[in-house]
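K.L.:
I have a structure I would like to understand better, so I am pasting it below and will then ask my questions one at a time.
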Amino acid sequence: MSSPEFTNEGVTVRTFDEIFASIAEMMRGIYGENINLDQDTPDGQFLGIISKQILDLETFGFNLYAQLDPDFSVGEIQNKIIKICGINRRPGTQSVVDVQIVVEYDLTLEAGYTAADDSDQNWVTTEDLSLLAGSNTITMYAEEYGSVSAGAATITSPVTIVIGVTSVNNALAASPGVDEETDEELRIRRNKSLENAAYSTVGGLLAKLGEIENVTDAVVYENVTDATDSDGIPGHSIWAIVEGGDVANIAETMTKNKTAGTGMLGAVTGIYNETIMRANGDTFVIPHEMKFDRPDETDLYIKMTATRKTATNPVDIDLIKQNLVALDFGIGESVQANSLYSTVYQPGPNFVATLLEISLDGITYTDESIDITIDKKLVIDAANIDITEVV
C-alpha cells in the first residue's frame, strides 16, 4: 500500500515500516541503490524522522475519520457531531425540587422568588409563574450548581416576601444536580433519542422526556390490560417516572406525546395550557393535567472486609467509598452484590476484598441480589458503607 486509502471497510493507513520502506525506495531512485539508510547514518536518521511525522499525520487522519461516528467520537468533536442528531451535551446542572406553594388569591410569582431550606441553602424560581388561589406545584432550583441536597419538608422558609403567599413546602426530596454529561452518557442518550421515530408511543414519549433540560433519568411503564397490574398501574394507563427536569416542561412533553385518553399514574401533577386559535382569530385555552412521579431514592448499605496483601501497605478506604458513592443506578435497577467488586478494586490491587454484602435497611444483609420496585432508585451514601480493614 503506497498511501492511505478509503475502502469499503473504512480508512486504511500504513505502518511505520511501510512508510519507511516507501520513502527509502524513492530515495534510492534519486540517489542510487548504494545510498546508506542504516539507522546510524544521517540519511537513515532523517528518513526515520520523516517517516514518524508521516505516520503521526496518517494516524491523526484515521482518528479524525473515527470521530465522524457518534458512537466513537469524544470531547469537543463529539459535541459537534452530536448536533446532527438535534441534541447537545448536558452541562452541569442545579439541583431541582418540586415545591407546593399556597396562595390566597390568583397572582403572578416573578422569576427569582427565593425560599430557603433547613440548611440555609437558597432555592429559586427561574421564570414568572401564574398561580391560582390554593395549592400550586412549582419547580425551584438550587442557587448553587452541583449536588445540593434537601430532604422532604425542609424547604419551608420564604426569603422573598410576596403578599398572598401563605406557605411553601416540598413534599419530596430534591433531585441533586449533576456534573457535565460524560462522553459515554451522551452516547447512550443519543441512542435512546433514535426511538423518537419509532412506532411505539411509549418509546417515543420516553425519548422525548429524556431530551428535556435537566432530566437525568426517566422510565415510562404501560399497562395495556383492563385491570390494574401487579405494579399498581391502572388498566390502559401509563406511569412516567422522571428524575430532574421542570414540571411544566414534563407536562408539556407528556401532553404532546401521550396517546389521547390514556390514563396516568403519579403523585406529581403538572398543567400544560394549550392555546388554540379559532378561525375568527380568537383564542381559547385547553388545560391539560398530566400526572407523573419522581423516583423514590432508596439507600443501599454495603459492608465488606479488605485484607492487606502487605501489612505495611494500607487500604485506601476513603477512595473505595468515593468510587462506590459515584455509582449511578437507573430507576428500578436492581443490584447484584458481586457486581460491586469491580468498583471496589478500582483503587488498586494491594488488598483482597471479601464478604461483600448489601442491604436496604442496614440490618439484614445478603451476598446475592437485591430487587427494588420499579419506582425506586438506589443511591449510596459514604456513611452507609462499612469497610473492615484487616492487616
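The values are calculated or read from the model by the stated rules, or taken from the named source; none is laboratory data. The model shown is predicted, which means the values in this text are computed figures rather than measured ones. All Cβ positions, glycine included, derive from the backbone under ideal geometry; neighbour counts span all protein chains shown.
K.L.:
Quick check on the stretch 46-59. Is at least one of its residues of a type in the set (Ser, Thr, Tyr) and touching a residue at least 12 places away in the same chain (Cβ under 8 Å)?
P.N.:
yes
K.L.:
Sticking with this one: I'm told Gln67 meets every condition in (1) closer than 30 Å to Ala248 by Cβ; (2) crowded, with 16+ Cβ neighbours inside 10 Å except one. Can you identify the failing condition by its number?
P.N.:
Of (1) closer than 30 Å to Ala248 by Cβ; (2) crowded, with 16+ Cβ neighbours inside 10 Å, only one is false for Gln67: (1).
K.L.:
Now a separate question. Of the residues Ile320, Ile374, Ile363, Ile302, which single one is in contact (Cβ under 8 Å) with a residue 24 or more places away in the chain and in a loop (DSSP other than H, G, I, E, B)?
P.N.:
Ile374
K.L.:
Enumerate the strands (runs of 3 or more DSSP E) found wholly within the stretch 56-157, keeping only those where 1 or more residues are of a type in the set (Asp, Glu).
P.N.:
Here the list reads 94-103, 134-145.
K.L.:
Within the stretch 104-124, track down each residue that is touching a Ser or Thr at 6+ places or on another chain (Cβ under 7 Å) and surrounded by fewer than 21 Cβ atoms within 10 Å (Cβ to Cβ).
P.N.:
Matches in the stretch 104-124: Glu104, Thr108, Leu109, Ala111, Gly112, Thr114, Ala116, Asp118, Asn122, Val124.
K.L.:
Let me spell it out: the conditions are (1) out of contact with any helix residue (DSSP H, G or I) (no Cβ under 9 Å at 6 or more places or on another chain); (2) at pLDDT below 80; (3) within 23 Å of Leu378 (Cβ to Cβ); (4) not in a helix (DSSP H, G or I), and Tyr199 meets all of them except one. Which number is the exception?
P.N.:
For Tyr199, the failing item is (3).
K.L.:
Right, something else. Counting only residues that are among the hydroxyl-bearing types (Ser, Thr, Tyr) and part of a strand (DSSP E or B), which one in the stretch 305-317 is nearest to the chain's Cα centre (by Cα)?
P.N.:
Thr305
K.L.:
Here's something else I'd like to know. Go through the stretch 352-391 residue by residue and tally those that are in contact with an Asp or Glu (Cβ under 7 Å, 6 or more places away or on another chain) and either of a type in the set (S, T, N, Q) or assigned by TED's automatic domain parsing to the domain that holds Ser147 (or both).
P.N.:
2
K.L.:
Anything in the stretch 28-42 that is within 19 Å of Gln53 (Cβ to Cβ) and either touching a Leu at 6+ places or on another chain (Cβ under 7 Å) or assigned to a loop (DSSP other than H, G, I, E, B) (or both)? List them, or say none.
P.N.:
Answer for the stretch 28-42, where residues must be within 19 Å of Gln53 (Cβ to Cβ) and either touching a Leu at 6+ places or on another chain (Cβ under 7 Å) or assigned to a loop (DSSP other than H, G, I, E, B) (or both): Leu37, Gln39, Thr41.
K.L.:
Let me ask something additional. Only one of these is closer than 30 Å to Glu18 by Cα, of a type in the set (Asp, Glu) and over 28 Å from the mean Cα position of the chain (by Cα): Asp106, Asp38, Asp69. Name it.
P.N.:
Asp38
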